[in-house]
Amino acid sequence: GLFMLAVLAAAWFGGAGPGFAAALLATFTLPQLMAAGHPLLGGSFDLPRFIAFSVAGLAVGWWSFRRRQVEAALRESEKRYELTLNASDEGFWDWMPAGDKLYLSPRFVEMFGFAPGTAFAGRAAMFERLSMPPEDREALEHVIAEHFAGKTARMETEFRILAHGEIRWIHATGRATRNSEGEMVRWNGAASDVTERKRGEEALRTSEHRYALAMEAAGD
């Protein structure tokens, strides 16, 4: 039993090759402690034990090899996803209510004026740190609550924040993922800085207002 455990451990952590090598070493070593049932090579080798050790080692080793392949592919996929997020001008969030696990992309952290690498204990802790006008905070919380309650299929809103010493406009869209019972299990989305667009819209409104006043004053 101990030799079998040694073979399985070698196969699990090393793969099929180390598992087979361990099976071979175990087969040569075991007859020194216990008589071989079917002795070969002058009683130093037992074929049935070798077959049992080898089959177990190769099977576990192959499974271990496949597991490492899947893990490597997953790491590569996560790396590509992270690179894609970092290359985008949008900030992304991902929140799971179970355990209050919150992920914020580096761009999201930078956009909202937090120091690089800033982490939060949960969603509420992050919202408490947001610097924004009270009316915008109230409106944002209302939109989120409506979406969490299932009253909207998609959350989309714009609000102001104080970041990097100035007022910035943020456009945010998000969607909640729910299980078969309708309970929310995940909430993720994207945020983009639309300050320049907002400033352009405000400049256009000001220009149109000035034009209207000028026309009215001219009486023409």
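Evaluated with a Cβ-only charge set (Lys, Arg +1; Asp, Glu -1), region 109-154 carries a dipole of roughly 200 debye about its Cα centre, given to the nearest 20. What the Kirkwood sum gives for region 54-209 is a hydrodynamic radius of 18.3 Å, with every pair of different alpha carbons counted. Put simply, the amide H of Met132, placed in the peptide plane, has neighbours under 5 Å in Leu162, leaving out anything fewer than 5 places away on its chain.
Run lengths n ≥ 4 of DSSP H only: what is the helix-derived mean residue ellipticity at 222 nm for the chain, with -39500 (n - 2.57) per run over all residues, to the nearest 500?
About -18500 deg cm²/dmol.
Computed from backbone phi with θ = phi - 60° and the Karplus coefficients 6.51, -1.76 and 1.60, the 3J(HN,Hα) list for region 151-163 is 7, 10, 6, 8, 9, 8, 7, 10, 8, 9, 9, 9, 9 Hz; x is used for glycine and proline.
Please arrange Thr206, Thr27, Thr157 by accessible surface area, largest first, computed with a 1.4 Å probe and ligands excluded.
Thr206, Thr157, Thr27
Taking every protein chain into account, the accessible area of region 172-217 amounts to 69 square angstrom per residue (probe 1.4 Å).
Two tests apply to each whole DSSP H helix in the chain, Cα reach of 20 Å or more along its axis and mean Kyte-Doolittle hydropathy of at least -0.5, and the ones passing both are 47-87.
Once the piece of chain linking Ala9 and Ala59 is laid out straight, how much longer is it, given 0.36 nm per residue of separation minus the C-alpha distance between them?
Result: 16.8 nm gained on full extension.
Remark: region 91-220 carries a charge dipole of roughly 440 debye about the Cα centre, counting +1 on each Lys and Arg Cβ and -1 on each Asp and Glu Cβ. Exposed loop positions in the chain were taken to be trypsin sites (Lys or Arg not before Pro) whose DSSP state is not H, G, I, E or B and which have at most 15 other beta-carbon atoms within 10 angstrom. Between these positions, the longest stretch is 1-150. Accessible area per residue for region 112-160 is 58 Å², calculated with a 1.4 Å probe on protein heavy atoms, without ligands, DNA or RNA. When a 1.4 Å probe is rolled over the protein heavy atoms, the share of accessible surface on the chain that falls to carbon and sulfur comes to 61 percent. Over the C-alpha atoms of region 125-220, the Rg to Rh ratio, Rh being the Kirkwood estimate, stands at 1.17.
Legend: calculated FRET efficiency, Lys101 to Arg199, from the Cβ-Cβ distance at R0 = 41 Å, rounded to 0.05, equals 0.70.
The values are calculated or read from the model by the stated rules, or taken from the named source; none is laboratory data. This structure is a prediction, so every number in the text was calculated from the model and none was measured. Positions of Cβ are backbone-derived with ideal geometry, glycine not excepted, and every protein chain shown enters the neighbour counts. The protein model used for the area step is the full one, side chains on, heavy atoms only, and it has no ligands, DNA or RNA in it. Shrake-Rupley method; radii C 1.70, N 1.55, O 1.52, S 1.80 Å.
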